[in-house]
Amino acid sequence: MRKVLATILFFAFVSAGLYAQWVDHGAWASASISKKIMRKTVASADFAARFDRDFTRIGSTFINAKIDRKVAKGLNLNLAFRGGASMTNEYQWEPQRRIATNARYKKGLGKKASISVRLQYQSGHKGVRTPGEGLGFSKAARTKATFYYEVAKSYRLSLSGETFFRPLYDIYEFSDVRGRISVRKKLSKRKYLTIGYQVESPRGGPDPWVEHAIICNFSSQMKRRKPEK
């Protein structure tokens with residue numbers, strides 16, 4: 001199963017670059033901290049910087065705050081708010097913000113493997129408000145499937161594919177696809193380092209492009225204090 005998924009992902013990455021008119025390379029670096037604040041609720045924050053233009057500039061930097069709630073066995077609901085800044089083609093910083101909600105279902109496939117499916121809806125805006133006009137929000141729906149495998153005691157392999165749907169008139173049209181492969185290393189108790197590779201491309205169009213990115217994330221899970229008796 002792992003070899004089949006890896007082969008499919010590899011050929012998807014290669015074929016995406018064959019028809020692209022331009023290709024960009026970058027890196028997504030982030031640090032995450034999370035804490036269980038209630039029996040079934042986890043709060044977390046991500047601090048991220050994304051490099052683009054072949055690693056020559058910081059394309060965006062932001063903080064992502066999330067609340068995750070377990071509602072049933074294997075099923076979690078999530079609400080997230082993102083605030084930060086992104087760089088324009090004229091190398092000017094502009095504010096960005098986004099709110100997103102998603103549902104994620106995860107199921108075990110034996111002792112070492114599992115699979116998850118996530119459905120997400122998001123709405124965001126970049127730039128400053130124009131006087132006399134409202135904010136123009138961009139909306140999107142996303143679906144993501146991820147396969148996990150514990151390759152060793154402290155290592156976990158992840159393979160994922162994600163599709164984006166953006167509004168066109170009265171419907172949402174399939175617009176982009178993203179694939180990722182990553183390995184998570186457990187550094188110590190409740191501390192992890194994830195290194196990966198990601199490729200994203202549109203579903204055709206007059207100006208096809210491909211974005212390649214190296215993924216690096218450090219995450220720490222804070223221990224919940226026990227209530228005083």
Exercise for review: Please state, to two decimals, what the Cα-based radius of gyration of the range 42-140 comes to when divided by 2.2 N^0.38 Å (N = residues).
Suggested key: 1.36
Exercise for review: Rank the residues Lys144, Lys70 as a footprinting-exposure proxy: fewest other Cβ atoms within 10 Å of their Cβ go first.
Suggested key: Lys70, Lys144
Check your understanding: If you take the C-alpha gyration tensor of the range 155-197, multiply each eigenvalue by 5 and take the square root, what semi-axes do you get, largest first, in whole Å?
Key -> 34, 10, 6
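Pairs Lys112/Lys185; Lys66/Lys107; Lys36/Lys126: which exceed 24 Å Cα-Cα?
Listed pairs above 24 Å: Lys36/Lys126.
Values in this text are rule-based calculations from the coordinates and carry no lab data. Just so we're clear, the structure is a prediction, and the values are computed from it rather than from any experiment. Note that each Cβ is placed from the backbone with ideal geometry, even for glycine, and that neighbours are counted across all protein chains shown.
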